[in-house]
Amino acid sequence: MAYYGQIAINILILLSLSVSLNLLLGYAGRVSMAQSILFGVGAFTAARLVLPQLTDKYNANVSGVGYGMGWPWWAALLGAIVVTFIAALVISLPAVRQVKGEYLILLTLAFQLGGQQVMTVWEAVTGGPFGVAGIPAIKIGSMSFSTVKADSTVRFAILMLIVTVIVIAVCWGIGESPFGRLLKTLREQESVLPSVGKSPIRPELLTFGITAGIAGGIGALFAFSQGAMTPVNFGLDLSILIVSVVVLGGVGNIFGTIVGAIILGGLDPILSNTVGADAIPWRAVIYGGALVVMMMVRPQGLIPEGAFRRFKKGKTTEEMTPAEAMESLSRVSATHEVGSAPALEVEGLKKSFGGLVAVGGASFTIAEGKITALIGPNGAGKTTIFNMITGTFKPDEGTVKLFGQDITGLSVVDIANKGIARSFQDVRICEQMTVLDNVAVAVPKQAGEGLTNLVFRPLKTRKVERATRERALECLALFGISDKANDLVGELSYGDQKLVAIARLLATDADVLLLDEPTSGVDPANVEGVMQGVRRLRDLGRTVCLVEHSVHFVQQLADRAVFLDQGIVLAEGTVDELINQQELADLYFGS
Amino acid sequence: MNFELLAQLTITGIVLGSFYALMGMSFGIVYQTSKIFHLANAIPFAAAGFAAVWSAETFHLPMFGAFIVGLVAAVIVGLLILVLGYFPLINRNATLLSLFLVSLGVTVAFPNLLQIVFGTQNKTLQVYGADGTLNRAFETQVYNVGFLTITQLDIVKIIVCWLVVLCVVLFVNKTRFGRSITALRTNPTMAAAVGINSKVVYIVVFAIGSLIAGMGGLFVTTEFVAYPTMALQWTLIGFIAVFFGGIGSLPGTALGGLLLGLLSSWSSVWLGVQFAPVVVFGALFIILLVRPQGLFGKAAA
């Protein structure tokens, strides 16, 4: 029994560590190479907190075991979780400046390898290469939970099972919450979050912290159960094994992780009984190989994300017509005072890259509640102007005013929150997410995006989430695609994907919507649908500014146009006025 | 701290830093071209060491013959990883994260395979002498110049490392092929449009990176021993040199490596040699906080 108990414990520990990494790797698309060392940090922290204090009677040198703070096990467990959580936040701090996965890989890898070395020399805490021994087991009443004796091994296995179930529930709860929706968006299209006014940094760091905190807590339980450990337990190979479990099972799917952990964790006893001493290297060859093979032939893993989605399908609420959607969406009041100032005033905007002048002092205004088109030949600087208005590029000179308020130089997130949202030429929708989630992520002020709300105000969170989904459905209904709400965006036609991107803009509540080539790449049959959608945005009172190459589209749609060439404004007026000017037409169509 | 100690530590730091710079070149040229977080760069490093030891014993090769076998082995495994591991994923436009995961799988499988094949013992590079006995290939000589001590191997290391740095920087900045590397790095679409074959560029770049990693492996094998996990810490040092010195700037990477070597050597006075990784990590941490593009890197537009 004890033998199987120990095998079960090993698999459960691996499973918990992997489930928590799946939150980071599967949902947020970031990978940590430090899961193993953080597990170790938790283990040693807990050991030092729970070991008895050094007294005359209890002398470490005499008894040959470590000494510590003499805390009760539960306090030591909490301590371990807090320490690893904070350690993770500190390690990932430099990644704040760069929202890029490589930085987290580099920092966690350096922490893992450097930490291993420090563990073997920092004798005061880790006991050096020989490690720490004599760690007291968890005791509840007269029952003890450890792997030292046979009956308590089974008890600990049961305890570990309960803990694992809790870890799975926590990770599942976070992953499937509005917070998890932020993470998935971060994974699929990291530039989208700032463009809808949400900082990607907080969720990223927090998720890494949670992943680490769980690893630290499991580390504490490991320390209590084993009674003794050495730094060798926390090598890079374990970190890689954990990544392999997640990838083998399927990133973003917790059931997959369970399968992965059972397969790779179950290798251990099988290999020890067959190849004996070579079991450890063979195991590494197998899971390393599995990682490579999976990426080649089945990158989505054994049980892919959303494998059970089709069972959830068919729960769509009754269809809403575009008119009904318009009706309920128009109740959302504008944040800015009507008629106070032009929606956007661009004044002397300049930007050059190296020696190349992209925009050379562009000035124009965009009237509220109208559709204004920026037109002009390729290289006229239209998209660069969008990028400066939304804060992606800092202008070299000039100002941008939103309803009279200067917003030049603010960050992308701040500008989006002030009420300017944009779409991208290359739609940037999240293909592995449902249509509804793609739009819901843009809805502002969601309680469920804060972890404290998820934990302490579950009812309110649920209520807000229901409102959010309803809101997202209305936005979809406005464009006539609410019937596809539960489909994956990747399965839609390109025209529908563009509509999803526009619905996402609408969901932000921003007053000024910048559309970058909404019809490019859309097949002619669907262009009409997109045009209708843009008109509906105006009918809702939104100010629309778009960059578009199709003259037909602009003529049909735009109230006004601004003609740009080589980074300066040549003319403003109605579309027909501009097109009828021979020199502009020549510039545009090429004479 | 007295002057003599400082001078000696500086010498040690230069030796260490030159090696860091070498590892930075190896990863830097691969990373700046392909953006792949090529952890598997550890494999040519270890492969070179093991191939040299094995060939010297099996084929009675002299030391330099064994070195050549080692370098050839390094380039071959490096290219195998690229062609069999990365190309299939690049062909279907996989994310950089999936490329890294392949790299990770290879990185963990290979040293363990070495362990299964060659056992856990450390491998010393030995060559057959004229009398038919197997002896350690290279016994370094220690020179004492005044109060300073430096070994023959250290001097060779400094010269070779900086020669490599010079060659790589000149190759990338001054040759026609080097310009196509830069073109591919800065604008892949445009590079393809003007007829640059990205596959060919990748192959050349990985061959160079693996060759340099192999040189690193040979230095460690000659000075100490070869063992399956010998490469990881040095590969990591290469990564750190790149991010510390400045992404996209090879001279910056080299200087960054040198600086890191000096820092870890000087700090050993207060912290002890074992804590050098902490110093290196700390330096990286601070630089990334205050200058995310690295010490000598140009800020991205």
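The values are calculated or read from the model by the stated rules, or taken from the named source; none is laboratory data. Note that the coordinates shown come from a computational prediction; the quantities given were computed from them, not determined experimentally. Heads up, the Cβs are rebuilt from the backbone with ideal geometry, glycines too, and the neighbour counts pull from every protein chain shown.
Just a few scattered comments:
- Being at pLDDT 85 or above and within 14 Å of chain B (Cβ to nearest Cβ) is a description that applies to residue A:271.
- Unique residue being modelled with pLDDT of 95 or more and away from chain A (no Cβ under 14 Å) when the list is B:44, B:62: B:44
- Subset of the stretch B:278-289 [more than 9 Å from every other protein chain (Cβ to nearest Cβ) and either surrounded by fewer than 18 Cβ atoms within 10 Å (Cβ to Cβ) or not small (Gly, Ala, Ser) (or both)]: B:279, B:282
- Residue A:224 fulfils the conditions (1) more than 12 Å from chain B (Cβ to nearest Cβ); (2) at pLDDT below 90 except for a single criterion, (2).
- Top-ranked residue in the stretch B:184-206 [being surrounded by 18 or more Cβ atoms within 10 Å (Cβ to Cβ), of a type outside the set (Lys, Arg) and in contact (Cβ under 8 Å) with a residue 60 or more places away in the chain; ranked as farthest from the other protein chains (Cβ to nearest Cβ)]: B:201
- The residue list A:221, A:238 contains one member that is within 26 Å of residue A:138 (Cα to Cα) and touching a Ser or Thr at 6+ places or on another chain (Cβ under 7 Å), which is A:238.
- Of the helices (runs of 4 or more DSSP H) entirely within the stretch A:407-479, none holds at least 3 residues that are polar (S, T, N, Q) and not assigned by TED's automatic domain parsing to the domain that holds residue A:184.
- Residue A:152 more than 10 Å from chain B (Cβ to nearest Cβ), in contact with a Gly (Cβ under 8 Å, 6 or more places away or on another chain) and not aliphatic (A, V, I, L, M): no
- Residue within the stretch B:228-246 that is surrounded by fewer than 18 Cβ atoms within 10 Å (Cβ to Cβ), within 20 Å of residue B:107 (Cα to Cα), touching a residue at least 12 places away in the same chain (Cβ under 8 Å) and among the aliphatic types (A, V, I, L, M) present: no
Yes/no per residue for (1) within 21 Å of residue A:342 (Cβ to Cβ); (2) free of Cβ contacts under 8 Å to residues at least 12 places away in the same chain; (3) assigned to a strand (DSSP E or B):
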| residue | (1), (2), (3) |
| --- | --- |
| A:515 | yes, no, yes |
| A:530 | no, no, no |
| A:534 | yes, no, no |
| A:545 | yes, no, yes |
| A:549 | no, no, no |
| A:554 | yes, no, no |
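- Residue selected from the stretch B:254-277 under the condition within 15 Å of the chain's Cα centre (by Cα) and within 14 Å of chain A (Cβ to nearest Cβ), by the criterion surrounded by the fewest Cβ atoms within 10 Å (Cβ to Cβ): B:260
- Yes/no for residue B:34 being more than 16 Å from the chain's Cα centre (by Cα) and among the hydroxyl-bearing types (Ser, Thr, Tyr): yes
- Subset tally (residues that are buried (at least 22 other Cβ atoms within 10 Å of the Cβ), aliphatic (A, V, I, L, M) and out of contact with any helix residue (DSSP H, G or I) (no Cβ under 6 Å at 6 or more places or on another chain)) for the stretch A:247-284: 0
- Answer from A:181, A:187, A:202 - the residue that is within 14 Å of another protein chain (Cβ to nearest Cβ) and within 20 Å of the chain's Cα centre (by Cα): A:187
- Some residue of the stretch A:250-263 being at pLDDT 90 or above, within 13 Å of chain B (Cβ to nearest Cβ) and assigned to a helix (DSSP H, G or I): no
- Remark: residue A:187 matches the filter, which requires a residue to be in a helix (DSSP H, G or I), touching a residue at least 60 places away in the same chain (Cβ under 8 Å) and assigned by TED's automatic domain parsing to the domain that holds residue A:66.
- Any hit, the stretch A:164-182, residues being among the aromatic types (Phe, Trp, Tyr), under 18 Å from residue A:223 (Cα atoms) and at pLDDT below 95: no
- Single condition residue B:87 does not satisfy, out of (1) within 14 Å of chain A (Cβ to nearest Cβ); (2) touching a Leu at 6+ places or on another chain (Cβ under 8 Å): (2)
- Residue list for the stretch B:113-140, filter: free of Cβ contacts under 8 Å to residues at least 40 places away in the same chain and farther than 21 Å from residue B:223 by Cβ: B:113, B:116, B:117, B:119, B:130, B:131, B:132, B:133
- Filter result (in a loop (DSSP other than H, G, I, E, B), within 13 Å of chain A (Cβ to nearest Cβ) and hydrophobic (A, V, I, L, M, F, W, C)) within the stretch B:290-301: B:299, B:300, B:301
- In the stretch A:72-102, the residues that are assigned to a helix (DSSP H, G or I) and within 14 Å of chain B (Cβ to nearest Cβ): A:87, A:88, A:89, A:90, A:91, A:93, A:94, A:95, A:96, A:97, A:101, A:102
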